[in-house]
Every structure is written in structure tokens, then in C-alpha cells.
């Protein structure tokens, strides 16, 4: 399968990341805007290979450090679970 690339920009809340994901790829009907659901969808529900390009990570982190750290850790955990997942922080 070809690489599916998801672009995140201007993330201030977990809901922003979830909405941007849903706008770019089909997500399950039960997908909700929270960390647990995001982990489940990225970890098991979407076909791979899959890449998240968080283009504005550096500036987002300055605005919302706690949210961005939670999402960064989630992406790291998903990468540990899936060999066909990667992320890039810009």
C-alpha cells in the first residue's frame, strides 16, 4: 500500500488534531476527539503505512506546551506499537 500522509498544523487542542485527521482520511464512526480514541485509531484502525507530519509543532508547542507534549508522547507510543507508522515534527 502507498504511504498515507496526514498533515497537522496549528494544533492548540487534542480536538484540533482529531478534526484534521478526520478531514484527511476516513475514520471510524465512533472516533471521538480525545487522546484514547486518537491512539486507538492511529494504533490499530487505520491501514499503513501511515505518517503524521506535524508541520507547526515548534510554534504550537510554544503556545500550548502541555497539549503538544501529550500528543507527541501519543505519537511516540503509536510508533512503538506499529512498524509502519512514523511521525515528523516541524
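Just a few scattered comments:
- Total residues in region 1-31 satisfying the condition of being free of Cβ contacts under 8 Å to residues at least 24 places away in the same chain, more than 20 Å from residue 64 (Cα to Cα) and surrounded by 16 or more Cβ atoms within 10 Å (Cβ to Cβ): the figure is 2.
- Filter result for residue 64 (under 17 Å from residue 3 (Cα atoms) and more than 13 Å from the chain's Cα centre (by Cα)): no
A short reminder: the numbers here are calculations on the coordinates, not readings from a lab. Model, not experiment: these values are computed from the prediction. Glycine also receives a Cβ, built like all others from the backbone with ideal geometry; neighbour counts cover every protein chain displayed.
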